[in-house]
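The values are calculated or read from the model by the stated rules, or taken from the named source; none is laboratory data. Just so we're clear, the structure is a prediction, and the values are computed from it rather than from any experiment. Positions of Cβ are generated from backbone atoms using ideal geometry, with glycine treated the same way; all protein chains shown enter the neighbour counts.
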Amino acid sequence: MNKGPYYITTAITYTSGKPHIGNTYEIILADAIARYKRAQGYDVFFQTGTDEHGQKIEEKAAAAGVTPKEFVDGVAAQIQEIWDLMETSYDKFIRTTDLDHEKQVQKIFKKLYDQGDIYEGYYEGLYCTPCESFFTESQLVDGKCPDCGREVKPAKEAAYFFRMSKYARRLIDHINAHPEFIQPVSRKNEMMNNFLLPGLQDLCVSRTSFQWGIPVDFDPKHVVYVWLDALTNYITGIGYECGGESTEQFQALWPADLHLIGKDIIRFHTIYWPIFLMALDLPLPKQVFGHPWLLQGDGKMSKSKGNVLYADTLVDFFGVDGVRYFVLHEMPFENDGVISWELMVERMNSDLANTLGNLVNRTISMSNKYFGGVVNNSGVTEAVDEELKACALETVKAVDAKMEKLRVADAMTEIFNLFKRCNKYIDETMPWALAKEEATKPRLETVLYNLVESICIGASLLDSSMHGTAERILGQLNGTLRGLDEMTEFGLYPSGTKVTEKPEILFARMDIKEVMEKVEAMQAAEAGEGEQYPAVEPKPEITIDDVDKIQLLVGEVLSCEPVKKAKKLLVMQVRVGAQVRQIVSGIAKYYKPEEMVGKKVVVVANLKPAKLCGMLSEGMLLAAGDDADHLAMVTVDRDMVSGSTVS
C-alpha cells in the first residue's frame, strides 16, 4: 500500500576535505531511515549533496594551486564515492555549484531584498573562518567560536543583512505548537533558551571579503553568504521556482518530512532556515533531528593525532555492513558515541560473528544434516515455541515504534535480541538430542522451521540497516524479503522449502592482536618515517606592519605558584627588562611551579592586562601545543638578558 511521499535530507557535506567516519555516520543513518520508510510503503525521496562555496574553500584551493571549482570537483567526487561505497540509496546528490541551484539562490536573494527582508549595511564582529560565522562577544565560549572551538578574529565589511527579528515571534509560536519539530527535546530547549528567547540579531547574508560564492546579481561585489546558499538546497533540489511555478515534484514533496543533521548545525536549521521559509511564504519542514557526534576515544578525530578513521579504511577491515552495524548500533539517540578499533573488533565478534553469523550457520547446517536441507513444519509444538513466536512478532512492533521515533540504535538492539532469543531457543530445544530418535524427528522439523521463520523475520527487519547481510541471509534460506505488513503473523515461510547446501560465513571472527598489528603497519606507512604531521589551517597573509604591532620580549620567571581557585592556572612573577610583571597562565597540567622558576620565556609584552580568576595577568607566555595534548613553553636557547627583543 502506497502511503504517499516521504522527503528526507541530510545536511550537505562541506567540501573542505575527505569526510571521516563521524561525517559518514549521517548518510548511513539517513539511509537506514529511508530504507525503512520504503518498507513501510512510503514513496521516499532521499536527497544529499555537497556545500561548495565560501572563504575556507577559496583559501584551500589557493594553497593547493588549483581553482576553487577544480578543488570542489575533486572533493565532491570523493564524497560521492564514499556515500556509494556505504551502499546508501540516495535519490539525488545536489551540489551548490549546480547552475540551476545558483540561479534560484540569486532569485531568492532578490525577492527577499525587494520585499524588505534583506537590507544593506556594515558588519563588524568576531568571525570564525572554518565555520564562516560571525559572533558577538557574549556568544563566544572561553573567547572562542561556540561551534568549533577555534580562534575568532575581528572583522568589518560591507554586507547585506536579513531581518531575523521580524519573524522571531512567529517561529517561537510554531515551535511551541509543534513539539515534534526539533528533536531531541534537549536541542529544542537549547535553541529557545540560548537564541530565540533572548532576542535574535539580524543575520549577515552576503560577503565582500572573498569571491568564491554565488554573486548577488544586482550588486556583484557581494557574494551570497553560506547559509542562504546552502540551506536552500532542500527546495532547489526538488524543483522550487522562486517567483514562478514550481515543479510537480516540489508540490508533492515539500514540506520535507525530515532534515537529518549534526547537532553542531542545529541552530542554522531550526532558526535561520525556518525564518527564510517564512519569508518565502513556504511551509516549514515537519521535523529537524540533530544527531550526536561519533567520537574517537574521548574526543574528536584529529589528523595530527593520527586517529582519524575513514569509512573506506574501516570497510577494508570489517566490510560495509560491519561498519554500518557499528555506527548505527553504537550511536545513542541523544549522547555522543565512541568508536575505536578495539570496540569494532569486539562488536564484530560478539554480535555479528557469534549472535547472528553462528545462528544462521547452525540453523542451515542442522537442516542439511538432519533433513537434506528441506524445512518442514510438522506442527509438533511445545510451550517454548509460543515464546519464540511471541518474541518475533513483538520485535516487529518494537522496531516499528523505535524507528518511528528515529531511535535507530534501539531498533537494532531489538533485532539482535530476537537473534539472541533464537540462540536460546536452540539451547532449550536441543535439536541434536531430538535427532537421535525417529519418534522425535517431527518435533525437530518444527524446531528448525521456527528458527528459519524467526531468522527470516529478523533479516527482513535488518534490511534497512544492513541490506547486503539481509539479502545474504534470505538467499541462503531461500526466503523472501518481507514488508512490514507481511510480518504481522508467524509462519509465512513455505513449508518444504530447501535451504542452501553450504552455509556461507556471514562474519568471520577477528583476532584483535592481528588487527592492531595491521593498523599499526598501516599508520606507519601513512606516516612515512612514523612522524604524524598536523594539517595546518592557513590563516590570511599579514604584512611586516602587522608583525610589528606585537611586542615579544625575553622574560625570566622569578617565582611561580598554583592558583588556589583554579587547578589549571599558575601565577608567575616574570622579570621583563627593568619591570617585574605578574602573568597568569593555564599550564598547571604541563608544568610544576618549580619547573618554571628560572626559565627564560617569550612574553607578549603589549597584550592588554586581563583578570583570570580574579588575578591580574600582565602579559602572555608563548607555548606550542598539539592535538595530542602536549605543550611546551617557547624558551630561548642562549642566556639572553631579560627584556631582549624577540624578532
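Remarks
- Answer from GLU386, GLU471, GLU428 - the residue that is of a type in the set (D, E, K, R), modelled with pLDDT of 95 or more, part of a helix (DSSP H, G or I) and closer than 26 Å to TYR36 by Cβ: GLU471
- Qualifying residue in segment 234-244 (condition: under 25 Å from ASP91 (Cβ atoms), assigned to a helix (DSSP H, G or I) and β-branched (Val, Ile, Thr)): yes
- Qualifying residue in segment 489-496 (condition: part of a loop (DSSP other than H, G, I, E, B), among the aromatic types (Phe, Trp, Tyr) and within 13 Å of VAL452 (Cβ to Cβ)): yes
- Screening segment 548-579 for residues that are out of contact with any strand residue (DSSP E or B) (no Cβ under 8 Å at 6 or more places or on another chain) and part of a strand (DSSP E or B) and picking the one that is surrounded by the fewest Cβ atoms within 10 Å (Cβ to Cβ) gives LYS567.
- Hey, TYR122 in contact (Cβ under 8 Å) with a residue 40 or more places away in the chain and more than 29 Å from the chain's Cα centre (by Cα) or not: no
- The set of residues from segment 245-258 being in a loop (DSSP other than H, G, I, E, B) and in contact (Cβ under 8 Å) with a residue 24 or more places away in the chain comprises TRP254, PRO255, ALA256, ASP257.
- Hits in segment 290-299 - residues which are on the phi < 0 side of the Ramachandran plot and either of a type in the set (Lys, Arg) or surrounded by fewer than 21 Cβ atoms within 10 Å (Cβ to Cβ) (or both): PRO292, TRP293, LEU295, GLN296, ASP298, GLY299
- Condition met for GLU241 (out of contact with any Gly (no Cβ under 7 Å at 6 or more places or on another chain) and under 20 Å from GLN139 (Cβ atoms)): no
- Hits in segment 557-613 (condition: more than 15 Å from ALA623 (Cβ to Cβ) and of a type in the set (Asp, Glu)): GLU561, GLU594
- Only one of the listed residues (SER350, SER367) is out of contact with any strand residue (DSSP E or B) (no Cβ under 7 Å at 6 or more places or on another chain) and either farther than 30 Å from LEU260 by Cα or in a helix (DSSP H, G or I) (or both). That residue is SER350.
- Qualifying residue in segment 487-502 (condition: surrounded by 20 or more Cβ atoms within 10 Å (Cβ to Cβ), assigned by TED's automatic domain parsing to the domain that holds GLU386 and within 27 Å of ASN2 (Cα to Cα)): yes
- Qualifying residue in segment 176-189 (condition: modelled with pLDDT of 95 or more, closer than 24 Å to GLN287 by Cβ, in contact with a Ser or Thr (Cβ under 6 Å, 6 or more places away or on another chain) and surrounded by 17 or more Cβ atoms within 10 Å (Cβ to Cβ)): yes
- Close Cβ contacts (under 7 Å, 6 or more residues apart or on different chains) running from residues in segment 331-346 that are touching a residue at least 40 places away in the same chain (Cβ under 8 Å) and surrounded by 19 or more Cβ atoms within 10 Å (Cβ to Cβ) to residues that are acidic (Asp, Glu) and part of a helix (DSSP H, G or I) comprise GLY337/GLU330; ILE339/GLU330.
- Filtered residue count, segment 182-209, keeping only those that are in a loop (DSSP other than H, G, I, E, B) and of a type in the set (Asp, Glu): 1
- Flag for MET596 being modelled with pLDDT under 90, surrounded by 15 or more Cβ atoms within 10 Å (Cβ to Cβ) and either over 26 Å from VAL547 (Cα atoms) or in contact with a helix residue (DSSP H, G or I) (Cβ under 9 Å, 6 or more places away or on another chain) (or both): no
For every residue, the table says whether it meets (1) touching an Asp or Glu at 6+ places or on another chain (Cβ under 9 Å); (2) of a type in the set (S, T, N, Q).
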residue	(1), (2)
GLU70	no, no
THR97	yes, yes
ASP100	no, no
LYS107	yes, no
GLY116	no, no
CYS128	yes, no
PHE135	yes, no
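- Total residues in segment 22-33 satisfying the condition of being out of contact with any strand residue (DSSP E or B) (no Cβ under 6 Å at 6 or more places or on another chain) and modelled with pLDDT under 95: the figure is 1.
- Against the numbered list (1) modelled with pLDDT of 95 or more; (2) on the phi < 0 side of the Ramachandran plot, SER165 comes up short only at (1).
- Matching option when the condition is of a type in the set (Ser, Thr, Tyr) and crowded, with 16+ Cβ neighbours inside 10 Å, among THR67, THR88: THR88
- Residue ID - nearest to ASN606 (Cα to Cα), chosen from residues in segment 502-547 that are part of a loop (DSSP other than H, G, I, E, B), modelled with pLDDT under 85 and among the aliphatic types (A, V, I, L, M): ILE542
- Candidate set: segment 99-147, residues that are among the hydroxyl-bearing types (Ser, Thr, Tyr) and in contact with a Lys or Arg (Cβ under 8 Å, 6 or more places away or on another chain); chosen: the one surrounded by the fewest Cβ atoms within 10 Å (Cβ to Cβ): TYR122
- Taking segment 624-646 as the range and being touching a residue at least 12 places away in the same chain (Cβ under 8 Å), assigned to a loop (DSSP other than H, G, I, E, B) and within 12 Å of VAL554 (Cβ to Cβ) as the test, the residues that pass are VAL634, VAL636, ASP639, MET640, VAL641, SER642, GLY643, SER644, VAL646.
- Selection count, segment 1-32, where residues are over 20 Å from ILE79 (Cα atoms) and assigned to a helix (DSSP H, G or I): 0
- Of all the numbered requirements in (1) outside any loop (DSSP other than H, G, I, E, B); (2) surrounded by fewer than 21 Cβ atoms within 10 Å (Cβ to Cβ), VAL72 misses one, and that requirement is (2).
- Test: residue in segment 210-226 that is out of contact with any Lys or Arg (no Cβ under 8 Å at 6 or more places or on another chain), farther than 23 Å from HIS101 by Cα, not in a helix (DSSP H, G or I) and not hydroxyl-bearing (Ser, Thr, Tyr): no
- Number of the exception - GLN139 against (1) in contact (Cβ under 8 Å) with a residue 24 or more places away in the chain; (2) over 22 Å from the mean Cα position of the chain (by Cα): (1)
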